[in-house]
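Here's the structure, in structure tokens; my notes come after.
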């Protein structure tokens with residue numbers, strides 16, 4: 001495993017897996033600016049091994065959402081009230097999780113188990129305006145909601161109880 005430290009001293013975890021191959025055809029739009037690493041946390045503070053899966057688990061400061069980056073597979077969130085309950089996001093499908101896979105679009109899904117819950121838990125809170133980047137994904141929590149992105153595809157989501165947008169929202173560089 002290779003750990004790369006940024007200027008702020010936080011680690012980005014790279015398990016040396018080769019980057020995903022992209023299909024040929026119509027070019028995809030690249031983000032106008034690369035995601036910021038200005039507010040990274042140390043991913044090792046969030047790592048846990050559940051069953052046979054290594055993940056990076058966190059809750060929001062309010063405790064309303066439980067989220068995880070599951071190594072090189074997906075990132076997502078579920079409600080803290082009950083993993084079986086719907087997310088309760090205005091105007092969106094009533095799945096019990098929101099997920100972005102390594103290469104797919106973000107989507108609402110109904111999971112058969114609490115994939116994004118640290119059991120036993122609870123997971124450590126990811127504080128506002130901090131970025132957890134590990135194993136091909138990045139997530140952050142801002143007062144406006146939770147955001148996660150696949151670094152392989154650039155696809156992601158941002159959500160709160162008020163709504164959902166199918167794109168990652170980065171932490172502003174000047175955020176406290």
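Rule-based calculations on the coordinates, nothing more; no lab input. Just so it is clear, the model here is predicted, and its values are computed rather than measured. Glycine gets a Cβ as well: all are built from the backbone with ideal geometry, and neighbour counts include every protein chain shown.
So, by mean Cβ neighbours within 10 angstrom, what's the order for 117-125, 67-75 with the highest one leading?
67-75, 117-125
Any chance you could run the full-extension gain for residue 144 through residue 90? It's 0.36 nm times the residue separation minus the Cα-Cα distance, nm to one decimal.
The residue 144-residue 90 span can extend by a further 18.0 nm.
Note down, for segment 43-176, the three equivalent ellipsoid semi-axes (square root of 5 times each alpha carbon gyration tensor eigenvalue), biggest first, whole angstrom.
18, 18, 15
If the convex hull of the alpha-carbon atoms of segment 63-140 is projected onto planes in all directions, what is the mean projected area in square nanometres?
5.4 nm²
Compare the peptides 132-141, 163-172 by average per-residue count of other Cβ atoms within 10 angstrom and give them in order, highest first. Walk me through the intermediate numbers first.
Values: 132-141: 26.6, 163-172: 16.8.
Ranking the peptides 132-141, 163-172 by packing returns 132-141, 163-172.
Sorted by packing (mean other beta-carbon atoms within 10 Å per residue), highest first, where do 48-60, 144-156, 102-114 land?
The densest-packed peptide leads the list: 144-156, 48-60, 102-114.
Give, in nm to one decimal, the length gained when the segment between residue 48 and residue 167 is fully stretched (0.36 nm per residue of separation minus the Cα-Cα distance).
40.2 nm
Given a cut-off of under 8 Å on Cα pairs at least six residues apart, what relative contact order in percent is computed for segment 46-176?
22 percent
Considering only C-alpha atoms, what is the centroid distance from segment 93-115 to segment 140-170, in Å?
That distance is 13 Å.
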